[in-house]
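Undergrad: Encoded as structure tokens, here's the structure I'll be asking about.
The values are calculated or read from the model by the stated rules, or taken from the named source; none is laboratory data. On a predicted model such as this, the values are computed, not experimentally measured, just so you know. Heads up, the Cβs are rebuilt from the backbone with ideal geometry, glycines too, and the neighbour counts pull from every protein chain shown.
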């Protein structure tokens, strides 16, 4: 799960931020939950104190009758270095103050200067970065395997060995699972391209349907490609 925590006391800006998040969250297959606050309170304090899931904080700097966004961000960083912080403000003069007081700020955006474009770009970048940290895990009798999904090039069933082989740039790993069983554990960048093969579509340069082969970004050719799966790819 990824949590968005918005702290913004202007209704118009709050609505705008929620709409931007709504557009971007449907582009990933991870559950997304959004919390909204107009200022600091006990519920927000509880979320900050328990950083169990990846969180993206979008904070207005100046909040009426509340701790400031800078104070809230300092509380976040006191026990959470993994979550992202994006500041929203009316005043560009606050930039220096923010960076003097809060470590590791993802971005600082002025409300009336390309807010939609910049916030959308930031959210997309953070979600993509989160995606690249996803793990595929497998525990068998003789192997305990954890691989970042973005390191997997393709997966195929070895007919002779009767095992499924996971191929990365540097290694290959044989495990006792079916191709479809593995597919169910992967995210939407992985597609069936043959009854015996799954490919990481981010790694594909060319689908040669006439020659029934795939060319990967590392130059490797994979001779598993069936027109039966073309509709799901293109």
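Results for (1) surrounded by 13 or more Cβ atoms within 10 Å (Cβ to Cβ); (2) under 18 Å from the mean Cα position of the chain (by Cα), shown as yes or no for each residue.
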site: 108; (1), (2): yes, no
site: 120; (1), (2): yes, yes
site: 128; (1), (2): no, yes
site: 135; (1), (2): no, yes
site: 138; (1), (2): yes, no
site: 144; (1), (2): no, no
site: 147; (1), (2): yes, yes
site: 150; (1), (2): yes, yes
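Undergrad: Identify all residues within the range 152-168 that are at pLDDT below 90 and surrounded by 19 or more Cβ atoms within 10 Å (Cβ to Cβ); write none if there are none.
TA: none
Undergrad: One residue is enough: does the range 10-19 have a residue meeting the conditions more than 24 Å from the chain's Cα centre (by Cα) and without any contact (Cβ under 8 Å) to a residue 12 or more places away in the chain? If you could, list the steps in order and put the result at the bottom.
TA: Narrowing the range 10-19 to residues more than 24 Å from the chain's Cα centre (by Cα): 10-13.
From the residues that got through so far, the ones that are without any contact (Cβ under 8 Å) to a residue 12 or more places away in the chain too are 11-12.
Checked against the condition, which is being more than 24 Å from the chain's Cα centre (by Cα) and without any contact (Cβ under 8 Å) to a residue 12 or more places away in the chain, the range 10-19 yields at least one hit.
Undergrad: Also: Kindly check whether there is at least one residue in the range 176-187 that is in contact with a helix residue (DSSP H, G or I) (Cβ under 8 Å, 6 or more places away or on another chain), closer than 23 Å to residue 53 by Cα and either surrounded by 12 or more Cβ atoms within 10 Å (Cβ to Cβ) or modelled with pLDDT of 90 or more (or both). Walk me through how you get there before you give the answer.
TA: The initial filter retains those residues of the range 176-187 that are in contact with a helix residue (DSSP H, G or I) (Cβ under 8 Å, 6 or more places away or on another chain), namely 186-187.
From what is left, the residues that are closer than 23 Å to residue 53 by Cα are 186-187.
Those left that are additionally either surrounded by 12 or more Cβ atoms within 10 Å (Cβ to Cβ) or modelled with pLDDT of 90 or more (or both): 186-187.
Yes - at least one qualifying residue is present in the range 176-187.
Undergrad: Can you tell me which of (1) farther than 14 Å from residue 167 by Cα; (2) touching a strand residue (DSSP E or B) at 6+ places or on another chain (Cβ under 6 Å); (3) loosely packed, with under 14 Cβ neighbours inside 10 Å is the one residue 221 doesn't meet?
TA: (1)
Undergrad: Hey, could you check the range 16-32 for residues that are loosely packed, with under 15 Cβ neighbours inside 10 Å and part of a loop (DSSP other than H, G, I, E, B) and say which is modelled with the highest pLDDT?
TA: Step one: of the range 16-32, the residues loosely packed, with under 15 Cβ neighbours inside 10 Å are 19, 22-23, 26-27, 29-31.
This time we only want the ones that are part of a loop (DSSP other than H, G, I, E, B), so: 26-27, 29-31.
On the way: 26: 71, 27: 69, 29: 62, 30: 70, 31: 76.
It comes out as 31.
Undergrad: Residues being buried (at least 17 other Cβ atoms within 10 Å of the Cβ) and either in contact with a helix residue (DSSP H, G or I) (Cβ under 8 Å, 6 or more places away or on another chain) or in a helix (DSSP H, G or I) (or both): count how many of those fall in the range 1-15. Reasoning before the result, please.
TA: First, pick out the residues of the range 1-15 that are buried (at least 17 other Cβ atoms within 10 Å of the Cβ): 2-8, 10, 13-14.
If we keep only those that are either in contact with a helix residue (DSSP H, G or I) (Cβ under 8 Å, 6 or more places away or on another chain) or in a helix (DSSP H, G or I) (or both) too, we end up with 2-8, 13-14.
Of the residues in that region, 9 qualify.
Undergrad: Same structure again: What is the number of the single condition among (1) closer than 30 Å to residue 20 by Cα; (2) in a strand (DSSP E or B); (3) outside the structural domain of residue 15 (by TED's automatic domain parsing) that residue 150 does not meet?
TA: Just one mismatch for residue 150, condition (2).
Undergrad: Would you please name the residue that is surrounded by the fewest Cβ atoms within 10 Å (Cβ to Cβ), looking only at residues in the range 33-60 that are modelled with pLDDT under 90 and in a loop (DSSP other than H, G, I, E, B)?
TA: The residue in question is 52.
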